[in-house]
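Heads up, the thing below is written out as structure tokens.
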Amino acid sequence: MISEKMKPLVQNNSAIREMFEEGKRLAAIYGRENVYDFSLGNPNVPAPAEVNQAIRDVLDEEESTFVHGYMSNSGYEDVRETIAGSLNRRFGTAFHQGNILMTVGAASGMNVILKTILNPGDQVIAFAPYFLEYGNYVRNYDGELVIVPPDTTDFQPDMAAFEARINKKTKAVIINTPNNPTGVVYSHETLCEIAGILEKKQAELGASIVLLSDEPYRELAYDGVEVPYVTNYYANTVVCYSYSKSLSLPGERIGYLVIPDELEDSQTVFAAATIANRVLGCVNAPSLMQRVVKRCVDAKTDVAAYDRNRNLLYSSLTEYGFSCVKPQGAFYLFVKSPEEDEKAFCGICKQHNILVVPGTSFACPGYVRISYCVSYEQIERSLPAFKAVAAHYGLI
């Protein structure tokens, strides 16, 4: 009954979601406090107080039929203008409402822009490790995902391997910074190099290549690390943004695309993306949350709480003999497995009620992802279990 495209997805259901469900099963057996679920990137930090207040204010102060009604498929004009103004103040850009398209989160935004630009057989490049749904998103529109293997020394892009994979079929490149699963932030120098390679290849091939910057973790950066704004580096850039992490609103599904004037044929792309937003079945981004975002455009989540978690988990695991690059952003540790088969390592962790995600889920075997957007107390409770796993492997 199901389609051929869906069959492999059913067979290879997300390991992240499977671990999440396994966590619920184990919690029923051992008690929630005795299961250390680090599988899902579900923010533990509450939404800022002004978000909850804005929801009340919108419902009290704005006309009900307006708040809950249709609007342009690209979103409310005043909301888009407010977002453009915020970006301009923070990043020195010159956006206007005609550059902002409201979407049902960043994932939907990625699908909107891929539907807009891809023809069957077009190739999209991604840097491993990467959020594995990228492949599904590309295949939704009969494109092909081309993977740049990881440089596991620092998880910055391998530029030579990247340049070698660009050809006449290349239509887009996806970057994700701060990165899921490594927490690495692409530096000014890295973005300059990516932009230089793309400009060179566009000239050589006589074709346009779009750089898709997936940015749900933009506001989650530590130690004063700057997250450069990608449209300032390369003209043919589209930004996919979500408030899921920056405002702890993953279930509300609210985000936007930035389609700059500098993008080739930008007005046509924006118009087509607006139609894609509709025909994909989204119709428009959630109306109430658009009104809330307008009032909370510069609100911030409690990054200090994630930083505290990061420091405790990183310092403890490295003390126990585990190896990983200290994350600069997001809320993940990407830890090298003590044995070649990281799925076997995940199995040993599960014996101690620790749930982590294998690196094969991010096209990077030999590593596991640990999501530290949990309570500080859960991390404290988990440390004896991690220590026992380290002892199992002779790390301590």
Quiz item: Only one of (1) touching a strand residue (DSSP E or B) at 6+ places or on another chain (Cβ under 9 Å); (2) more than 29 Å from S72 (Cα to Cα) is not met by E199, so which one is it?
Solution: (1)
Quiz prompt | Options S213, S244: the member that is touching a residue at least 60 places away in the same chain (Cβ under 8 Å) and either surrounded by fewer than 22 Cβ atoms within 10 Å (Cβ to Cβ) or within 18 Å of M110 (Cβ to Cβ) (or both) | solution = S244
Quiz item: Does region 235-244 hold any residues that are under 11 Å from the mean Cα position of the chain (by Cα) and part of a strand (DSSP E or B), and which are they?
Solution: C240, Y241, S242
Exercise. Might you let me know whether region 74-81 holds any residue that is surrounded by fewer than 22 Cβ atoms within 10 Å (Cβ to Cβ), out of contact with any His (no Cβ under 9 Å at 6 or more places or on another chain) and either touching a residue at least 60 places away in the same chain (Cβ under 8 Å) or among the hydroxyl-bearing types (S, T, Y) (or both)?
Key: yes
Exercise. Restrict the check to region 30-41 and report whether at least one residue is surrounded by 16 or more Cβ atoms within 10 Å (Cβ to Cβ), closer than 25 Å to N140 by Cα and modelled with pLDDT under 95.
Key: yes
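Out of A172, A207, report the one residue that is assigned by TED's automatic domain parsing to the domain that holds T82, in contact with a strand residue (DSSP E or B) (Cβ under 9 Å, 6 or more places away or on another chain) and surrounded by fewer than 21 Cβ atoms within 10 Å (Cβ to Cβ). Reasoning before the result, please.
Values: A172 fails: surrounded by fewer than 21 Cβ atoms within 10 Å (Cβ to Cβ).
Answer to the selection: A207.
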Exercise. Report yes if L9 is surrounded by 14 or more Cβ atoms within 10 Å (Cβ to Cβ) and modelled with pLDDT under 95, otherwise no.
Key: no
Self-check item: Residues of region 132-165 satisfying the condition of being more than 24 Å from G109 (Cβ to Cβ) and of a type in the set (A, V, I, L, M)
Solution: M159, A160, A161, A164
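Of all helices (runs of 4 or more DSSP H) completely enclosed by region 121-234, which ones contain at least 1 residues that are under 27 Å from P43 (Cα atoms) and at pLDDT 95 or above? Before you say what the answer is, go through the steps one by one.
Values: elements: 133-140, 159-164, 188-205.
Output list reads 133-140.
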Quiz item: Looking only at helices (runs of 4 or more DSSP H) that fall completely inside region 245-338, which ones have 3 or more residues that are outside the structural domain of L220 (by TED's automatic domain parsing), touching a strand residue (DSSP E or B) at 6+ places or on another chain (Cβ under 7 Å) and under 24 Å from G41 (Cα atoms)?
Solution: 303-319
Quiz item: Based on what the data block shows, is S361 at pLDDT 95 or above and small (G, A, S)?
Solution: no
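Do any helices (runs of 4 or more DSSP H) lying entirely in region 1-82 carry at least 1 residues that are acidic (D, E), and which ones are they?
Fully inside region 1-82 and qualifying: 15-30, 49-61.
Every residue in region 83-120 that is under 25 Å from Y217 (Cα atoms) and not in a helix (DSSP H, G or I), please.
Kept after step one, since they are under 25 Å from Y217 (Cα atoms), are these residues of region 83-120: 83-117.
The answer is G92, T93, A94, F95, H96, I100, L101, M102, T103, V104.
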Self-check item: Only one of V297, V258 that is among the hydrophobic types (A, V, I, L, M, F, W, C) and surrounded by 23 or more Cβ atoms within 10 Å (Cβ to Cβ)
Solution: V258
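The values are calculated or read from the model by the stated rules, or taken from the named source; none is laboratory data. All values derive from a computational prediction rather than experimental measurement. All Cβ positions, glycine included, derive from the backbone under ideal geometry; neighbour counts span all protein chains shown.
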